[in-house]
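Here's the structure, in structure tokens; my notes come after.
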Amino acid sequence: MEYRQELLNHIDEIHTTEMGRERIKRNLKIDTENVVEYCKNKLLDENCIIYRRGKNWYCEVDHIKITINAYCYTIITVHII
């Protein structure tokens, strides 16, 4: 199965922790409260490049890189690239 579709099949399972939420807001310099929805919208962007290395998914779009655990679908971090 194509990586992109494999991850998108589990989009409803994507979540983060409170610490992850604060880390994402700090790293992206954004003030939105719903960072999970922000990240999901980025994942759904047709220009998003999604690939998997080991235990993590990596998603790159709009000069940001989202790291998601491949087993529990937790957003680990987001960085500007």
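Considering only residues of the range 50-60 that are part of a strand (DSSP E or B) and charged (D, E, K, R), which is surrounded by the fewest Cβ atoms within 10 Å (Cβ to Cβ)? Step through it out loud before you land on a result.
Filtering the range 50-60 for residues part of a strand (DSSP E or B) gives 50-53, 56-60.
From what is left, the residues that are charged (D, E, K, R) are 52-53, 60.
Numbers: 52: 13, 53: 9, 60: 16.
This residue is 53.
Evaluate the range 36-49: report whether one residue or more is free of Cβ contacts under 8 Å to residues at least 40 places away in the same chain and part of a strand (DSSP E or B). Yes, that holds for at least one residue.
Does any residue of the range 61-71 turn out to be touching a residue at least 60 places away in the same chain (Cβ under 8 Å), part of a loop (DSSP other than H, G, I, E, B) and closer than 17 Å to residue 23 by Cα? Steps first, please.
Initial filter on the range 61-71 (touching a residue at least 60 places away in the same chain (Cβ under 8 Å)): 68.
When the remaining residues are screened for being part of a loop (DSSP other than H, G, I, E, B), the result is none.
The answer is no; no qualifying residue exists.
Of the listed requirements (1) in contact with an Asp or Glu (Cβ under 9 Å, 6 or more places away or on another chain); (2) in a helix (DSSP H, G or I), residue 26 misses just one: (1). Taking residues in the range 6-19 that are in a helix (DSSP H, G or I) and surrounded by 12 or more Cβ atoms within 10 Å (Cβ to Cβ), and partners anywhere that are modelled with pLDDT of 95 or more and among the aromatic types (Phe, Trp, Tyr), the pairs with Cβ atoms closer than 6 Å and at least 6 places apart or on different chains are 7/57. Checked against (1) over 11 Å from the mean Cα position of the chain (by Cα); (2) aromatic (Phe, Trp, Tyr); (3) modelled with pLDDT of 95 or more, residue 38 passes all but a single condition, namely (1). Of the residues making up the range 50-60, not one is touching a residue at least 40 places away in the same chain (Cβ under 8 Å) and over 14 Å from the mean Cα position of the chain (by Cα).
The values are calculated or read from the model by the stated rules, or taken from the named source; none is laboratory data. Treat the numbers as computed from the prediction; the structure is a model and nothing was measured. Glycine gets a Cβ as well: all are built from the backbone with ideal geometry, and neighbour counts include every protein chain shown.
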